[in-house]
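Inspection log for the structure reproduced underneath, given as structure tokens.
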Amino acid sequence: MSKTVNKKMGICILAGIILLVTVIAISIATGKKFSQSGEVSNPTFTDEDGKVYVAAFLKKMTENNITVDVIEFITDTDTDRISELDLTDDDMPDGYYIYNPDEKNVVWELDMQTIYTFIDWNGDFTGSEYPEEYTTTDVHEFKKYIETYDNTAPGMPFFFQIEKGVVKLILEKPIA
């Protein structure tokens, strides 16, 4: 083969490698929000104990799945994100900000091992006069609790731990 042919072949191979690297980089950059299984790639909240959760508003629930609107729960310790969004103390009077520019509904599966931890505000589950945390694996108890809210839609987010599209834990935290 002549030098010209070898040079052209080398240029084609180099161009192919550059194209492949570019396609991979674009695929990675655009695939960060949600995977097909409903997993959230970037968890939105880490609590004071280092546990990672996805924050979301509960939209609909059956015995087998739950539909949520995934949000970003920003605390006053997330100074980088506060700067990015140009938030002020007035935006975060209780030490947090809920960023939800557009609805991102996701459906996750519930199973018999899903743990539901919520605040029994009225003593319906604990018998307590005072609000008390209650934990169960009974989906019917959790549904009964959700029904205590107007239109069965709590106005505050819940925090979820998800594995392979299955909810492992739903947690209600007092946030106000």
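The values are calculated or read from the model by the stated rules, or taken from the named source; none is laboratory data. Please read all numbers here as calculations on a predicted model, not as lab measurements. Because the Cβ atoms are built from the backbone with ideal geometry, glycine has one as well, and the counts that use them run over all protein chains shown.
In this structure, is Tyr97 among the hydroxyl-bearing types (Ser, Thr, Tyr), surrounded by 12 or more Cβ atoms within 10 Å (Cβ to Cβ), within 23 Å of Lys168 (Cβ to Cβ) and in contact with a helix residue (DSSP H, G or I) (Cβ under 7 Å, 6 or more places away or on another chain)? Full working, then the answer.
Numbers: among the hydroxyl-bearing types (Ser, Thr, Tyr): yes; surrounded by 12 or more Cβ atoms within 10 Å (Cβ to Cβ): yes; within 23 Å of Lys168 (Cβ to Cβ): no; in contact with a helix residue (DSSP H, G or I) (Cβ under 7 Å, 6 or more places away or on another chain): yes.
When the stated conditions are applied, Tyr97 does not pass them.
Are any residues in segment 134-163 among the hydroxyl-bearing types (Ser, Thr, Tyr) and more than 11 Å from Thr114 (Cα to Cα), and if so, which ones?
Restricting attention to segment 134-163, the residues satisfying the condition of being among the hydroxyl-bearing types (Ser, Thr, Tyr) are 134-137, 145, 148-149, 152.
Scanning segment 134-163 gives Tyr134, Tyr145, Thr148, Tyr149, Thr152.
Is it fair to say Tyr116 is surrounded by 15 or more Cβ atoms within 10 Å (Cβ to Cβ), more than 19 Å from Thr62 (Cβ to Cβ) and touching a residue at least 24 places away in the same chain (Cβ under 8 Å)?
Values: surrounded by 15 or more Cβ atoms within 10 Å (Cβ to Cβ): yes; more than 19 Å from Thr62 (Cβ to Cβ): no; touching a residue at least 24 places away in the same chain (Cβ under 8 Å): yes.
So Tyr116 does not fit the description; no.
Would you check if Ile74 is surrounded by 10 or more Cβ atoms within 10 Å (Cβ to Cβ), at pLDDT below 95, in contact with a Phe, Trp or Tyr (Cβ under 7 Å, 6 or more places away or on another chain) and in a strand (DSSP E or B)?
yes
In segment 46-71, which residues are in a strand (DSSP E or B) and among the polar types (S, T, N, Q)?
Of everything in segment 46-71, those that are in a strand (DSSP E or B) and among the polar types (S, T, N, Q) turn out to be Thr46, Asn65, Thr67.
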